[in-house]
Amino acid sequence: MTKQTLVVIGNGMVGHHFLETLAGSDVRDRYEIVTFCEEPRLAYDRVHLSAYFSGKTAADLSLVQSGFYEQHGITVHVGDKAVAIDRDRRTVTSEKGIEIGYDRLVLATGSYPFVPPIPGHERKGCLVYRTIEDLEQIVAAAQTATIGAVVGGGLLGLEAAKALKDLGLDTHVVEFAPRLMAVQIDEGGGAMLRHKIEALGVQVHTGKNTTNIGDGDERRHKMQFADGEELETDIILFSAGIRPRDELARAAGLETGPRGGIVIDNQCRTSDDAIHAIGECALWNERIFGLVAPGYQMARTVVERLAGKESQFTGADMSTKLKLMGVDVASIGDAHARTPGARCYTYQNEPRELYKKMVVSADGKQLLGAVLVGDAAEYDTLLQYCLNGIELPIDPDSLILPQRDGSAGFGLGPDALPDSAQICSCYSVSKGRICEAIDAGCSDLFALKAETSASTGCGGCAALLKSVLDSELAKRGLEVNTDICEHFPYTRQDLYHLVRVNDIRSFDELIEQHGRGLGCDICKPAVASILAACWNDYVLNDEHAGLQDTNDHALANMQKNGTYSIVPRVPGGEITPDQMIAMAEVAKKYNLYTKITGAQRIDLFGARLEQLPDIWKELIDAGLESGHAYAKALRTVKSCVGSTWCRYGVDDSVGLAIELENRYKGLRAPHKLKMAVSGCTRECAEAQGKDVGVIATENGWNLYVCGNGGMKPRHADLFATDLDRETLIRYIDRFFMFYIKTADRLQRTSVWMENLEGGLDYLKSVIIDDRLGICAELEQQMAAIIGTYQCEWKTTISDESKRKRFRHFINSDLPDSNIVFVDERGQIRPTREEERKHIRVAVVG
Amino acid sequence: MKNVNAAKQNREGQWVDVCAVEELPPNSGVCALVADSQVAVFYLTKDKTIYAVDNYDPFSKANVLSRGIIGDVKGEVVVASPIYKQHFSLKSGQCLEDASVRIATYPVRVVGDRVQLGHREAVGQPFCRR
Ligand code: SRM
Ligand SMILES: Cc1cc2nc3c(=O)[nH]c(=O)nc-3n(C[C@H](O)[C@H](O)[C@H](O)COP(=O)(O)OP(=O)(O)OC[C@H]3O[C@@H](n4cnc5c(N)ncnc54)[C@H](O)[C@@H]3O)c2cc1C
Ligand code: SF4
Ligand code: FES
């Protein structure tokens, strides 16, 4: 088959995204691809352009992986602008004289900053803010300036003002409208924003119509306004909106809008079938989308169309959340309450400088829009309500009012989600699709996953998928099956009891007496965890080894290419130079990728299975221990530096964190456990985001429980205050054992708490008042586990038969030839699939 | 091709000796090298059977299946990929989640106390009772 030629004009954010998507699609091979890039460099991240001022280089901002275009055989003419399209001959001509015939043409020419035709606007020192070259000019001009003015108080104008401020200029914002960000936010929000921005030292002038720019008396320019006032400044930065770059299209006779923009249909086709337009140059339904996400959507639509799929671009949500000069601002939907009958709830808190508004439908049931200034924490929840048309609670304002009782506020349960809500983002599976599959007979997770692909990507949506399944089954009057899997007619909690009460020591015993079949990858790891929590045997004993999930299987975390990562324990985050040297030496010797983790530890990546015992031998000889990063067990106890060094610390948070980490290390649980200790209420250890968090007070320690970061963050509940060390530890012992006894498999303490009948009060009555009379037993069970702790890696390396498990081949000492690394920023990384095709993999054997 | 291989295999010597039966961990897997193929070998104690399939996981494109958990799904003996958890039948290599994916199986036999594997395309039982 001869290839068709596809030409893309413009290598901005959307043009590049288009090429990237195309390169990853099945139809890539059908085209010879050529692109014209007017700017002197390949696509870069315009959204984060301002980061250029805070030290990011053009290379940092680049969106193009080095070698990407070469690898995919895409021809790019950098620094060459397309100057004509001949639609009859189907050719594109460039400034440098290149002429190329096309079968398909994609216009991704973006937009340019609009400069109002004020007399004097072309003077030297009148600049715009769109490209890296613009920024370079601004920096140069700022060197001899002391005052800067931005014309335009919209989103970009304020960002530009921040840049001038950071360059050390006295900064003014001049806005024509009576308030800032008039498009996105309402009057109240605009006023609060203005207040906050002025407090940062930027002067705001609203309702100002600039009529002339001329020579200044003291500064370079004088701006004159319609109301007779004047402003002298050295630099003028125009940020008065954007205009689509449709000049090529217009000259070629394509249909354009009355106020500019290349007209496209739902397939992103222009008035010529062979030509598409995407991104900020495209006019869809009389709208230009000045954000990058809709442009990306258009790019994907075109690629899918080329692949013969039915996809359509049907508009995009323009809600935004951003931080402007450190101020949170968000706008959702109909922020101006333009819908007939719309009504508003407003919450304003002057001392804390917060402004929140909700716009609801006449019947009070739907959220139409919202404005948040000063704190945008509610953005995600409000957006879900708005996009999905979810019915609001009886008191809608509860969504924006502060929760003073410490409760977590309103989350959204599975029932509240509409059919269109996306459950699995990896495979784009909606709740409606899941309900259809349930109706078609999928009555368990296994069937549902096979049918819809939901939860077969990153797995992040598994819990939500399960809750949708349960709630839908219940609705259909079907019994919700709480059995852990087809092999045991019991819940995890039941199994825990069976193991304890009947003194069961192995999976084989349990399945023989209480289950059926062989077991599977659901019940085996769950039972392994229960056995470990009850009897704390070495997990790689013959009768337990085959039960262990991916990571426990090798006592290390498996990575995408089958290699492993290694995380030694660093209790409380305290680490000696010698320990660091030991880790560094191991990393160097085995050429491991090294990274600081998100939990105050060091992770060494890229070890092959057969290297693990040798590596651990060296780490253990240097005094390090297993960090259990591979296990559903205690991970870290994060700490802040505390009273030992910090001028605010009221107690020794590091000391307590180390004590707690050493106490609970190795404790296996239904899911991983994380803890933290902060030395004062500033909370630098983020203890309120952990399963167990401790914060020092003047009178002891405050204990928080059931916090969670991760996919669905939950603020921890304050459980008890001003505890002494001994009581604190007693409560934590009881809390952990009670959780281990009663939680479901893979249920973090946060979700466990949300499902616990009676909630926090009940938990307090069990742990503090010993309502069930089990506290002595819980403490004793915890003591047994602490007493039998072993470093699993130490046990492993000292037993030759266990070390043998770590060979890649049972009949050869060769390594896995499929594991190939390349260099990136001075360290190894796994090869990507497309790279593997180019690197010849030696075949062993 | 198939026939040629099958015929060859009937001759002694086309079987590759990989390890002693005792070296197979109970209810768990190991990986064996047979010519240039990586084979995942599992020993299930309940039915005293040894199974052999590809070690290569077509979803993650990594050689890891021998490190997966074995068990059954509605009676079908399977291994679950340790990376993205798809299930593969140990008898046929069929992926349960995706009808279009099937991994290769390898003939297995036990001679004395030794486990022997046949070649990839060879016809033969991909499992063997002890
Ligand atoms: C290595 C690390 C990222 C990093 O480079 O910083 C990491 C890496 C992984 N995280 Fe994490 N998480 C890491 C810190 C965190 C944190 C931050 C923290 O602990 O303070 C969080 C949020 C806090 C929390 O858990 O509440 C975090 C929330 C998650 C979640 C979501 C959990 C949730 O309840 O929503 C998962 C998925 C899961 O567990 O099901 C996850 C799962 C994973 C897994 C195990 C995914 C997987 O199955 O491959 C990653 C592999 C670990 C590995 O070493 O190969 N990781 N992960 C961090 C290791 C910390 C350590 O020293 O042990
Ligand atoms: C400072 C700043 C902050 C922003 N912040 C955000 C944000 O927070 N969120 C958000 O969603 N969006 C933001 N945006 C908007 C976002 O950058 C744009 O929506 C996005 O870049 C549009 O992509 P595009 O490819 O359509 O246009 P562009 O990125 O402008 O790319 C068009 C490219 O085509 C080239 N070109 C034009 N004509 C020709 C020709 N004839 N021949 C060859 N090449 C040509 C241009 O030189 C340009 O390189 C911001 C923009 C700026 C400037
Ligand atoms: S939490 Fe308190 S003691 Fe700890 S570092 Fe922060 S301010 Fe200092
Ligand atoms: S979100 Fe469903 S698998 Fe990733």
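The values are calculated or read from the model by the stated rules, or taken from the named source; none is laboratory data. None of the values given here were measured: they were computed from a predicted structure. For neighbour counting, all protein chains shown are included, and Cβ atoms are generated from backbone atoms with ideal geometry for every residue, glycine included. Calculation scope for accessible area: heavy atoms of the full protein, side chains included, ligands and nucleic acids excluded. Shrake-Rupley method; radii C 1.70, N 1.55, O 1.52, S 1.80 Å.
Per-structure values
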| quantity | calculated |
| --- | --- |
| Subset of region B:26-43 [part of a strand (DSSP E or B) and facing another protein chain (nearest Cβ under 7 Å)] | B:SER28, B:VAL30, B:CYS31, B:ALA32, B:LEU33 |
| Test: A:ILE522 is touching a residue at least 40 places away in the same chain (Cβ under 8 Å), within 11 Å of chain B (Cβ to nearest Cβ) and open to solvent by 10 Å² or more (accessible area, probe 1.4 Å) | yes |
| Subset of region A:785-835 that is more than 17 Å from A:ASP537 (Cα to Cα) and of a type in the set (Lys, Arg) - its residue that is surrounded by the fewest Cβ atoms within 10 Å (Cβ to Cβ) | A:ARG825 |
| Selection status of A:ASN702, within 26 Å of A:SER626 (Cα to Cα), modelled with pLDDT of 95 or more and away from ligand 2 (no atom under 16 Å from the Cβ) | no |
| Given (1) more than 11 Å from ligand 2 (Cβ to nearest atom); (2) without any contact (Cβ under 8 Å) to a residue 24 or more places away in the chain; (3) of a type in the set (Gly, Ala, Ser), index of the condition A:ALA51 fails | (1) |
| Of residues in region A:63-90 being under 24 Å from the mean Cα position of the chain (by Cα) and surrounded by 16 or more Cβ atoms within 10 Å (Cβ to Cβ), the one farthest from ligand 3 (Cβ to nearest atom) | A:VAL64 |
| Selection count where residues are more than 9 Å from every other protein chain (Cβ to nearest Cβ) and either of a type in the set (D, E, K, R) or assigned to a strand (DSSP E or B) (or both), scope region B:48-78 | 8 |
| Filter pass, A:LYS632 being in contact with a helix residue (DSSP H, G or I) (Cβ under 9 Å, 6 or more places away or on another chain), within 14 Å of ligand 1 (Cβ to nearest atom), farther than 30 Å from A:VAL820 by Cβ and open to solvent by less than 40 Å² (accessible area, probe 1.4 Å) | no |
| Selection from region A:475-507 of residues that are assigned to a helix (DSSP H, G or I) and open to solvent by 30 Å² or more (accessible area, probe 1.4 Å) | A:LYS475, A:GLN493, A:ASP494, A:HIS497, A:LEU498, A:ARG500, A:VAL501 |
| Counted residues, region A:24-45 - those being open to solvent by 50 Å² or more (accessible area, probe 1.4 Å) and in a helix (DSSP H, G or I) | 3 |
| Residue list for region A:525-578, restricted to those being away from every other protein chain (no Cβ under 14 Å) and among the aromatic types (Phe, Trp, Tyr) | A:TRP535, A:TYR538 |
| Members of region A:696-710 found to be of a type in the set (Gly, Ala, Ser) and either more than 13 Å from ligand 1 (Cβ to nearest atom) or within 14 Å of chain B (Cβ to nearest Cβ) (or both), listed by number | A:ALA696, A:GLY700 |
| Subset of region B:10-25 (residues that are within 10 Å of chain A (Cβ to nearest Cβ) and over 15 Å from the mean Cα position of the chain (by Cα)) | B:ALA20, B:GLU23 |
| Qualifying residue in region A:612-631 (condition: part of a strand (DSSP E or B) and more than 16 Å from ligand 4 (Cβ to nearest atom)) | yes |
| A:LEU540 more than 16 Å from ligand 1 (Cβ to nearest atom), in contact with a helix residue (DSSP H, G or I) (Cβ under 7 Å, 6 or more places away or on another chain), part of a loop (DSSP other than H, G, I, E, B) and open to solvent by less than 30 Å² (accessible area, probe 1.4 Å) | yes |
| Residues that are among the aliphatic types (A, V, I, L, M) and within 35 Å of the chain's Cα centre (by Cα), drawn from region A:801-838 | A:ILE819, A:VAL820, A:VAL822, A:ILE828 |
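Here is a yes/no grid of residues against (1) within 16 Å of ligand 4 (Cβ to nearest atom); (2) not in a loop (DSSP other than H, G, I, E, B):
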residue: A:LYS674; (1), (2): no, yes
residue: A:CYS684; (1), (2): no, no
residue: A:VAL694; (1), (2): no, yes
residue: A:TRP701; (1), (2): no, yes
residue: A:LYS712; (1), (2): yes, no
residue: A:PHE719; (1), (2): no, yes
residue: A:ASP722; (1), (2): no, yes
